[in-house]
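Participant: Questions regarding the structure given below will be posed in turn.
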Amino acid sequence: MRIVDLDGLSVHYRVDGDPDGAPVVFANSLGTDLRLWDAVLPLLPKGLKFIRYDKRGHGLTQATAQPYSMGTLVRDAEQLLDHLEVRDALFVGLSIGGMIGSVGDGFALFAPHANSYRRFKANSYAPVAPTWGVNNRTVSFRIPAGPPPSRHVEHRACGADANPYLAVAAVLAGMHHGMTSRTDPGPAVVGNGYDRDASGDDKPPSNWFAAVDRFHASALMRDYLGDRFVDMFSIVKRVEQDRYFGTVPTIDYDWYLRNA
């Protein structure tokens, strides 16, 4: 076990692989520790130097007063690399910030049908704002409690009616975008996530039409999924919308004739 003091912060880290190899740095995701990568390292090429560490407040690294800004976490990594005299390295990590920032743009993939939007309401355990929290069922991205090896992100905005391949593609796009742009997810929501103001520009679409329009206009989705796919998916969904709302359901007769 290696612990180093970085400007008053005790950081736990370990170095594996070839000491003279090209350095690859692994940062754990929220709610986990450096053991997250135990099953990954044996699958990687030989001749690399693997550097793993526990983020601030995770594993055996010291916890300080929260919240932790993205800038603070970046400085922690930079100071560790300076301590190890590493100047150039490949950085591998996971990001919940990018998932939060992109959830609205990909909502047409996460909630792909008219019926998908009936569950998005307050106090229903379905999210209404792009939020995250630890073991909190009122947010969009939940980090379940449990032992570190089982930690994961629960994407509560994505419904069971979503195409799993398209949903995963949108999630990975958001994660990569978050890592490359260093998107700050903000502090974790503690308590009732429905109390958070959901009226801003980052609010997810509230209906099927708005979701498809936002997806079609999204530069981020076009960058990751391609113009051809975004255009084709939007056309298919708009045709589906026209056909769906072109049929008058029985409930319309029952509801409106009774109240006319």
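Participant: Which of Leu43, Leu84, Leu172 moves most in a GNM of the chain, Cα contacts under 10 Å?
Facilitator: Leu43
Participant: Next question, about the same structure. So what is the 222 nm mean residue ellipticity for the chain from helices alone, if each DSSP H run of at least 4 adds -39500 (n - 2.57) and you divide by all residues, rounding to the nearest 500 deg cm²/dmol? Mind showing how you got there, number by number?
Facilitator: Values: 8 runs with 88 residues, N = 260.
That calculation yields -10000 deg cm²/dmol at 222 nm.
Participant: What ratio of Cα Rg to 2.2 N^0.38 Å holds for the stretch 128-260?
Facilitator: 1.30
Participant: Which aspartates and glutamates, on any chain, are close to Lys121 with Cα under 20 Å apart, when same-chain ones fewer than 8 places away are left out?
Facilitator: Once the sequence-local aspartates and glutamates are set aside, what remains near Lys121 is Asp105, Glu154, Asp161, Asp195, Asp197, Asp201, Asp202.
Participant: Work out Dmax and Rg for the stretch 2-92 from the C-alpha atoms and quote the Rg first, both in angstrom.
Facilitator: 12.7, 39
Participant: Here's something else I'd like to know. Name the aspartates and glutamates eligible as straight-distance cross-link partners of Lys55: C-alpha to C-alpha under 14 Å, and not fewer than 8 places from it in the same chain.
Facilitator: Partners within reach: Asp5, Asp33, Asp76, Glu78.
Participant: A further question follows. Once you've got the GNM for the chain with C-alpha springs shorter than 10 Å, pick whichever of Gly57, Gly47, Gly191 has the biggest mean-square fluctuation.
Facilitator: So, out of Gly57, Gly47, Gly191, the one fluctuating most is Gly47.
Participant: Now, a different point. Which residue, Ala77, Ala111, Ala65, tops the fluctuation ranking in a GNM of the chain built on C-alpha contacts under 10 Å?
Facilitator: Ranking Ala77, Ala111, Ala65 by mean-square fluctuation puts Ala65 first.
Participant: Please report the spacing between the Cα centers of the stretch 1-37 and the stretch 201-260 in Å, no decimals.
Facilitator: 45
Participant: If you don't mind, there's one more thing I want to ask. What's the local net charge at Ala188, with K and R +1, D and E -1, over the other residues with C-beta under 13 Å away?
Facilitator: Local charge sum for Ala188: +1.
Participant: Arrange Phe209, Phe110 by Cβ neighbour counts within 10 Å, fewest through most, would you?
Facilitator: Phe209, Phe110
The numbers here are math on the coordinates, done by the rules we state, and not lab data. What you are looking at is a predicted structure, and each value in this text was computed from that prediction instead of being measured. A quick note on method: Cβ atoms are made from the backbone with ideal geometry, for glycine too, and the neighbour counts reach across all protein chains shown.
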